[in-house]
Structure formats: C-alpha cells, structure tokens
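Readers should treat all values here as calculations from the given coordinates under stated rules, not as data from a laboratory. The model shown is predicted, which means the values in this text are computed figures rather than measured ones. For neighbour counting, all protein chains shown are included, and Cβ atoms are generated from backbone atoms with ideal geometry for every residue, glycine included.
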Amino acid sequence: MNKYGDMENVGFIGLGKMGIPMVKNIMNSGYDIIVYNRSKDKTEQFKKNGVNIAKNPREVVEFSKYTITMLTDSEAVKSVFYGQDGILNALGPGKIFIDMSTISPQVSIELAKMVESKNAEMIDAPVTGSVPAAEKAELTIMVGGKFETFEKTKKLLSSMGKNIIYIGSNGYGLKMKMINNIILGANMAILSEAILLGEANGIDPELQFRVLSTGSAYSKVMDIKKENIIKNEFPPMFNLEHEMKDLNYAMEMAKSSTFPLIITSEISQIYEIASKKGLGKLDFSAIYKALRSVYDE
Ligand code: NAP
C-alpha cells in the first residue's frame, strides 16, 4: 500500500503535447494520479487542480502501481529511467512500467530486461492518432511485452485509447509503430511533392484536394494535413523532428533484421534536409515547405 492507500494509482511522466490530454483522460476514468515533468511550468495547471506532483521519477514509481512515460525519444526515456532518482531504482514486485513514447525497439528491449531484474513488469505501448485522438481517448495503442502484463494493463490503456492491440514480446509494439510511421512519413512527403507538381502546373492546391479527397489516392493524412498545405502554416502537432527520429529508428530496425529499406532511406533524407532547414519544431507536414524551398532554389 502507498500513501494513498491504493495500489491502483497511476504515475505519468512527460506532460508534452500528447501527455497532457492522456493524463486528463486517465483522471476522467477515476484513477488517482501523480505526474512529473522535466520543465516545471507544465505541471502548474495540474497543481492548481489538486493533482499530485512528484519531485522526481523515482517518487512517481514509489506512489504508483503503473508508471507511464510519454517522452520524446530513447535518450529522454533513459534519462528518467536510470540514476538515483530514476524509475528503475523504485521498481519492484507488483509494479508495472508502461513506456508509451516512440523509442528504439532495441533500447526498449534492454530496459525491459532491467525491469525484469527487479521482478517488475514492462510493456512498450506506443500510440498512433496524434493529439486529436489523444484528446478524445481514441488512440490506437500497440503493445509489446508478456501477454499477461498486457492483460493487466488493458483497462488503464482503454482510458486513453480505443484500439488496444497486442503485437508480441517486448519491443514489438515499437516495431509495429515504426511500420506505421514509415507509411505516415512517406505518405506526407509524396503528397507534398505531388501537390507541388500540380502547383507548378498552375493547379490550385484546393482544387487538387477536391479531386484527391474523393479518389483512389485519398488518405487520412491528407484529410488531417491539407489545411496546413493550403494555408502554408504548420503549427506543431507531431513535430517534424519526431518523424525524422522515427524514420531513423525504422532504419535501425531494418539494419538489425538485415532488411533493406530502399524507399524509406530516401524519404528519411528529405526529413533530414527539412530539419537542417530549421523546420524540425514545426508539424511534420512542413515537409511540404521544405520541398517547396528545394524546388524554388
Ligand atoms: P512533446 O510535446 O515534444 O513532449 C515531449 C516530452 O518529453 C515533454 O514532456 C519533455 O519535457 C519530455 N522530454 C524530452 N526530453 C527529455 C529529457 N531528456 N528528459 C526528460 N524529459 C524529456 O512530444 P509529444 O508530441 O507529446 O510526443 C511524445 C512521444 O509520443 C514522442 O515519442 C512522439 O514521437 C510520440 N507520438 C507523438 C504523436 C503526436 O502527434 N504528437 C503521435 C504519436 C506518437 P519538457 O517539457 O521538459 O521539454
């Protein structure tokens, strides 16, 4: 029992664009929650609403049965996992660590081994659906880990998502996520290039989308991102640098499976160029802006 007299408490680390709506949905499902974020300004809105704020990641684990991380990348997760005040130090029997960040599958497998050495459990549970789906608790969640751990976490994951799908052992949720983000990144890049070709031939983007939205080239990403292209504005929802990171993890995954990713390696270079042009903190649909500037040169 912890200080709340309840072992079903949830700890959440990472109050970014995704983390904030996910925390709200966990709370709406009746869980008692404790949160931690590296930058303290993001905890203020929760503090005002009486949410427990932890001083460090270790304190989150001490007070919770389930500890969730929703952080940028492998380095970010490792930085809250290891160390005196890190997650690992407080893990033990009965505790479950759920990493929902998109990180390297290989790194996740290494973390899972460390968690097991503490007789605790871990799943990787990355998500797809972006901020609007996070707000509506409609995320798709892909799970890697022991099936019995998946079973234990399903109720909690259902407070954030609509489709909770078991993929395989540790790392497999992330492997599935890489497949998703290869398609997402390629889709956005080829859509941008084709629209630019249309524009170069004097066809207005709005007119192009009127045709494309009803035809066989339609995609969900087109629906979500067409306004950004039409307005040439890219407010960050899923950062371009995050898509680039995911393509790099996908390449790493391909390397370890000795599978050649021919098209993905080309596409990852386009995201690399966009990032070098200073567009990394914009939404990943800014790949359109990057390509436009390349063609204008
Ligand atoms: P975000 O808004 O940039 O938030 C990132 C979070 O990670 C922040 O809380 C940040 O803390 C923390 N962080 C970064 N580096 C850290 C470090 N070294 N130590 C401790 N904390 C650190 O990102 P997001 O959009 O919420 O994405 C989170 C994860 O979900 C990423 O892996 C992303 O690929 C994945 N994802 C995102 C979307 C989307 O549409 N946004 C969709 C699916 C999956 P500070 O506040 O201190 O910076």
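Worth pointing out:
- Helical mean residue ellipticity (222 nm; -39500 (n - 2.57) per DSSP H run of 4+; nearest 500) of the chain: -15500 deg cm²/dmol
- Fraction of antiparallel bridges per DSSP, the range 10-169 only, in percent to nearest 5: 10 percent
- Straight-line cross-link partners of Lys65 among the aspartates and glutamates, defined as a Cα under 13 Å from its Cα and at least 8 positions apart when in the same chain: Asp6, Glu8, Asp32, Glu121.
- The chain: angle of helix 240-256 to the longest principal axis, Cα-based, in degrees nearest 10: 80 degrees
- C-alpha long axis of helix 105-117 to longest principal axis of the chain, angle in °: 0 degrees
- On Cα atoms only, tilt of 19-28 relative to the major axis of the chain in degrees: 50 degrees
- Over 29 Å [Cα-Cα, the chain], rounded percent: 37 percent
- Net charge dipole, the chain: roughly 680 debye, given to the nearest 20, about the Cα centre with Cβ charges of +1 for Lys and Arg and -1 for Asp and Glu.
- Diffusion of the range 175-296 by Stokes-Einstein, at 20 °C in a medium of 1.002 mPa s and with Rh set to the Kirkwood radius over alpha-carbon pairs, works out to 146 µm²/s.
- Contact order relative to length of the chain, as percent, for alpha carbon pairs under 8 angstrom and 6 or more apart: 13 percent
- Above-threshold pairs, the threshold being 18 Å between Cα atoms, out of Lys95/Lys154; Lys24/Lys146; Lys40/Lys281; Lys17/Lys40; Lys40/Lys276: Lys24/Lys146; Lys40/Lys281; Lys40/Lys276
- Protection proxy ranking of 286-292, 75-81 - average other beta-carbon atoms within 10 Å, highest first: 286-292, 75-81
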